[in-house]
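Presented below is the structure to which this report refers.
The values are calculated or read from the model by the stated rules, or taken from the named source; none is laboratory data. The model shown is predicted, which means the values in this text are computed figures rather than measured ones. Here Cβ is always computed from backbone atoms with ideal geometry, including for glycine, and neighbour counts include all displayed protein chains. We work out accessible area using only protein heavy atoms, side chains counted, and drop any ligands, DNA or RNA first. Shrake-Rupley method; radii C 1.70, N 1.55, O 1.52, S 1.80 Å.
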Amino acid sequence: MLVIYLESSLHKPMYLFLFNLMCSGLLGSSAVWPKVLSNLLTDWHTSSYEGCLLQVYLLSIYGACTYSTLTVMAYDRYVSICKPLQYHIIMNPIKIKILLMLSNLVPVFSIAGQIYLTSRIPLCSRTLNKLFCDNLSIINISCNTSSLGFLSNVYGLLIIVCLSVLPTCLILLSYVKILSVSLKVSKNGQNKALGTCLPHLIIFINFSIATVFSVIYNRFTVLISSEMNVFISVQITLLPPLLHPVIYGVRTKEIRKCTVKITQRLCASTICYYTSILKVPKIFAIS
């Protein structure tokens, strides 16, 4: 994120979307792991109801923003490969700002409605067999026999369809189009297209698998052991944010070059600074 922010040559649509993806990963990690570390250091494994709802809200935003950003990135790659001559016309600065705003604001306001409905349902239990709070786990321990509980469940399913299933279909459709165009060009063009899209596909596949397993666990808690619960929790909240900088930073030539350049620049400025403050006499007088 720091490299993309500091290097003006990386202020392009692809890297701006990547920066947004990193922000989502940072939000998801920050919502879970400080609390997990606190639980490991103490024997008091509790949380306030408001704190639990806040964690649900931040985690839901993390998941939804990740899918929406990956969808925008897939659209950017589709325009870049399938319509290269029109790329700068289609992906103009105004459209980039609109896409970034939609990919963040739609999840924020949609999930706020879900959290409001969940907060209105009374709880019948206070124990969660989870590493962190999530919306379906709270609904499972609530007295959701009322119409409000049914409405919250339906609204949650609608959010999953609109913010997870629909983006997944759009991403797959984009890559089907990209692959169909890539097969018609030269071998060099195919390698370039696949090299550009492969990191995005790896991130998308990893995150989608983790999300599917998480949904399965929430729906069929009795059939899955607590150890598998921990593994799934780690998979969805720790691995994707860690993989983003590794995959994009190592595999993307521009980011790798800029990282080396900024590191060299910082090292050079540090050496100059310490050299300037060291007052070493050039001539020694022997008394």
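Which one is farthest from ASN104 (Cα to Cα), of the residues in the range 39-57 that are modelled with pLDDT of 85 or more and surrounded by 10 or more Cβ atoms within 10 Å (Cβ to Cβ)?
My answer is TYR49.
Of all residues in the range 124-166, which are of a type outside the set (D, E, K, R), touching a helix residue (DSSP H, G or I) at 6+ places or on another chain (Cβ under 6 Å) and assigned to a loop (DSSP other than H, G, I, E, B)?
Listed by number, the residues that qualify are LEU128, LEU131, PHE132, CYS133.
Could you please find all residues in the range 58-83 being basic (Lys, Arg) and open to solvent by less than 50 Å² (accessible area, probe 1.4 Å)?
ARG77, the sole residue that qualifies.
If LYS177 passes every condition in (1) assigned to a helix (DSSP H, G or I); (2) at pLDDT below 75; (3) not aliphatic (A, V, I, L, M) but one, which one does it miss?
(2)
Within the range 36-61, how many residues turn out to be among the polar types (S, T, N, Q) and in a helix (DSSP H, G or I)?
Residues in the range 36-61 being among the polar types (S, T, N, Q) and in a helix (DSSP H, G or I): 4 in total.
Name the pairs whose Cβ atoms lie under 6 Å apart, with the first residue in the range 190-203 and farther than 10 Å from HIS244 by Cα, the second at pLDDT 75 or above and of a type outside the set (S, T, N, Q), and 6 or more positions between them or separate chains?
What qualifies is ALA193/ILE81; CYS197/ARG77.
Given the options LEU100, LEU170, name the one that is over 30 Å from LYS35 (Cα atoms), touching a helix residue (DSSP H, G or I) at 6+ places or on another chain (Cβ under 9 Å) and either open to solvent by 30 Å² or more (accessible area, probe 1.4 Å) or outside any helix (DSSP H, G or I) (or both).
One residue alone meets the criteria, LEU170.
Scanning the range 252-286 for residues that are of a type in the set (Val, Ile, Thr) and open to solvent by 100 Å² or more (accessible area, probe 1.4 Å), which turns out modelled with the highest pLDDT?
ILE271
Residues being out of contact with any Ser or Thr (no Cβ under 8 Å at 6 or more places or on another chain), of a type in the set (S, T, N, Q) and at pLDDT 85 or above: count how many of those fall in the range 115-129.
1
Please state which of the following conditions SER119 fails to meet, knowing it meets all the rest: (1) within 23 Å of the chain's Cα centre (by Cα); (2) in contact (Cβ under 8 Å) with a residue 40 or more places away in the chain.
(1)
Residues of the range 116-139 being under 17 Å from SER60 (Cα atoms) and open to solvent by 60 Å² or more (accessible area, probe 1.4 Å), which ones?
TYR116
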